[in-house]
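The values are calculated or read from the model by the stated rules, or taken from the named source; none is laboratory data. Because the structure is a prediction, the values reported are computed rather than measured. Heads up, the Cβs are rebuilt from the backbone with ideal geometry, glycines too, and the neighbour counts pull from every protein chain shown. Quick note on the areas: whole protein, heavy atoms, side chains included, nothing else; ligands and nucleic acids left out. Shrake-Rupley method; radii C 1.70, N 1.55, O 1.52, S 1.80 Å.
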Amino acid sequence: MVRLCPFKQLFGHASPKIFAVFVLAILALMGLNYLNIGQLRQVNEKHLRIYHHVNLKDLERIQEPNRAACPPCPNYWLYAPHADSGYLEHVMKVFKRVGYMRGDKDSEWDVLWSYNYPFVKLQAILENLASHQKVNHFPGLGYITNKGNLVASNFSYIPKAFRMPEQKEEFLLETKKHADKLWVEKSNLHRGIRIMSLQELDLNSRGTFMQEFITHPLLIDGRKFDIGVYTILTSIKPLRVYTYQEEVMLRFCSHEYYPFDPTDVKKYVVADDYTPTWEMPSLQTAYNHMKFSHKQSLNFYLQKRGHHPEKLWSQIRNAIQELFLMKELQLIKSASNYKSTRNFFELIRCDFVVDEDMKVYLMEVNMSPNLSSKHAPLNKNIYQQVVFSTLNLVGVAKRIVRSEKERSDEASEMLVNERDIQIYPEHCIENCTSCDTKRCRLCGQCLSTRLKPALEEAFLEHVNRGNTRRVVPQPMSQQDMQRYQPLEDSRLTEANQLMAWWFRGKCLQDAGWCM
């Protein structure tokens, strides 16, 4: 006997009209049920907004798959004016990628990222931190970032300066001895600086100082520029300071320096509308076409003009060392009211200018340096890499959590991008018009899709090496690497020759990659 389906059993002898009415009733019930679910979701969202004080963006963030992927997720508290206006976009992206959810002061936060100095308004909170909580500022860092405190240090890498009105008489005596010197008036209360005549200077206003102007800066394509070096303070007792080695920030004045005009500040002041590296004719080939970093592009430019880049970087390292050693006791004293200094870390940017004799001057130290790529979008990777490297260094970033909606290549480039793995700029730019020779196969224009990920993995292994050290390829001193020619080493396979050639190139660029 053939069995009928339930619908056939019910309506086998019914008219088509009765069957149609039944179907419409079923559809109506389904629609009502869908409507009830939607209303229930609206009520739930309203409940969350009212009782948990979250907006719809927060609700989307709570409901994103990361929450289910890593329960319980750590929280970060972003303490900044107009935090959602976009200038902290890269900071927020990095925290999300390393598995943090955004909270507030009432949440059980793990990391406080404060744009401003937090030790006044948040003092009660910061004096009672749990051992696992981290804060991105050190108490007392104003001894380094405050312009007046910085120039009062009077150490060899800062142009001579006089505080007003305390050193007024000393300043006037200096102007008589050196009538040819130019001076700028600076203040802790504003950023604007301008060369002024002695008659224009206000020598009686407290909180101001007069600083000597460097009259013969090193120029590239006729433009004055500064070099921003990202510096990370992880400990003050004992003192531990790191610099972000892979990249620097290069910013060029928007007007050419000569013919010099002291009334045109765009000739000698690097402002927010600075000219970026990729628009400078002498750096475009290295940066735009060869995919070298700002730092490598600058090094290549200096080498071609007979300068020694290591002389520049050695002075910068010495200046940062001297600065922190000089301020160490003041930092320790400022932190004495807090339970532990291990809760704090600091990311700053030290801005340097260079004169025609390759002498380096520290001009400013920026607490909460600009991390917005609105003016220069191509700097996005730098900002994200710097923030990630800082969080990784202090033990906050453990891993990356990727959203399915986010482009995975952007998250990967935060860890390592194509500019980080480039080597031998002089050889690649001048000798590799074709990719036939083995020496050219690791150059940016010749790099294969097979070799690129291998170099990126090697880069990350070095960056995250901790207390481990490389044994293969064989580590050598920088001096020994000069003599070593792995591409001619018959003991190695071709793949191993290329990898050893790459490590050799990184070692010759930076001794930190050597033994």
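Tabulated results
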| quantity | calculated |
| --- | --- |
| Set Asn149, Asn116: member being open to solvent by 30 Å² or more (accessible area, probe 1.4 Å) and modelled with pLDDT under 90 | Asn149 |
| Flag if Ser131 is touching a Ser or Thr at 6+ places or on another chain (Cβ under 8 Å), among the polar types (S, T, N, Q), modelled with pLDDT under 95 and within 26 Å of Asp264 (Cα to Cα) | no |
| Close pairs (7 angstrom Cβ cut-off, 6 or more residues apart or separate chains): under 22 Å from Ser372 (Cβ atoms) and in a helix (DSSP H, G or I) in segment 274-289, open to solvent by less than 40 Å² (accessible area, probe 1.4 Å) and aliphatic (A, V, I, L, M) anywhere | Thr277/Leu250; Thr277/Leu283 |
| From the options Arg240, Arg223, residue that is under 30 Å from Val463 (Cα atoms) and at pLDDT 90 or above | Arg240 |
| Condition met for Leu347 (in a strand (DSSP E or B), within 20 Å of Ile232 (Cα to Cα) and either modelled with pLDDT of 90 or more or open to solvent by 20 Å² or more (accessible area, probe 1.4 Å) (or both)) | yes |
| Complete set of residues in segment 476-495 that are in a loop (DSSP other than H, G, I, E, B), without any contact (Cβ under 8 Å) to a residue 24 or more places away in the chain, exposed (fewer than 14 other Cβ atoms within 10 Å of the Cβ) and not charged (D, E, K, R) | Gln485, Ser490, Thr493 |
| Selection within segment 269-298 - open to solvent by 30 Å² or more (accessible area, probe 1.4 Å) and in contact with a helix residue (DSSP H, G or I) (Cβ under 7 Å, 6 or more places away or on another chain) | Trp278, Ser282, Gln284, Thr285, Asn288 |
| Segment 405-451, subset surrounded by fewer than 17 Cβ atoms within 10 Å (Cβ to Cβ) and either at pLDDT below 85 or touching a strand residue (DSSP E or B) at 6+ places or on another chain (Cβ under 6 Å) (or both), residue farthest from Gln485 (Cα to Cα) | Lys405 |
| Single condition Tyr361 does not satisfy, out of (1) in a strand (DSSP E or B); (2) open to solvent by less than 10 Å² (accessible area, probe 1.4 Å); (3) of a type in the set (Ser, Thr, Tyr) | (2) |
| Yes/no for Lys327 being within 23 Å of the chain's Cα centre (by Cα), assigned to a helix (DSSP H, G or I), basic (Lys, Arg) and buried (at least 20 other Cβ atoms within 10 Å of the Cβ) | no |
| Lone qualifier among Glu256, Glu246 - being surrounded by fewer than 18 Cβ atoms within 10 Å (Cβ to Cβ) and either at positive phi or assigned to a loop (DSSP other than H, G, I, E, B) (or both) | Glu256 |
| Residues that are open to solvent by 20 Å² or more (accessible area, probe 1.4 Å) and either among the charged types (D, E, K, R) or under 25 Å from Arg317 (Cα atoms) (or both), drawn from segment 152-173 | Ala152, Ser153, Asn154, Ser156, Tyr157, Lys160, Arg163, Glu166, Lys168, Glu169, Glu170 |
| Residue match in segment 204-222 (condition: touching a helix residue (DSSP H, G or I) at 6+ places or on another chain (Cβ under 9 Å), touching a residue at least 60 places away in the same chain (Cβ under 8 Å), in a strand (DSSP E or B) and among the aromatic types (Phe, Trp, Tyr)) | yes |
| Cβ-Cβ under 6 Å pairs, at least 6 apart or on other chains, segment 345-356 side in contact (Cβ under 8 Å) with a residue 60 or more places away in the chain and more than 19 Å from Ala397 (Cβ to Cβ), far side among the hydroxyl-bearing types (Ser, Thr, Tyr) and open to solvent by 10 Å² or more (accessible area, probe 1.4 Å) | Val353/Tyr361 |
| Lone unmet requirement of (1) more than 30 Å from Leu201 (Cβ to Cβ); (2) open to solvent by 30 Å² or more (accessible area, probe 1.4 Å); (3) touching a Cys at 6+ places or on another chain (Cβ under 7 Å) for Lys266 | (1) |
| The lone exception for Ser336 - which of (1) outside any helix (DSSP H, G or I); (2) surrounded by fewer than 21 Cβ atoms within 10 Å (Cβ to Cβ); (3) under 24 Å from the mean Cα position of the chain (by Cα) it fails | (3) |
| Test: residue in segment 462-471 that is free of Cβ contacts under 8 Å to residues at least 24 places away in the same chain, open to solvent by 70 Å² or more (accessible area, probe 1.4 Å) and of a type in the set (A, V, I, L, M) | yes |
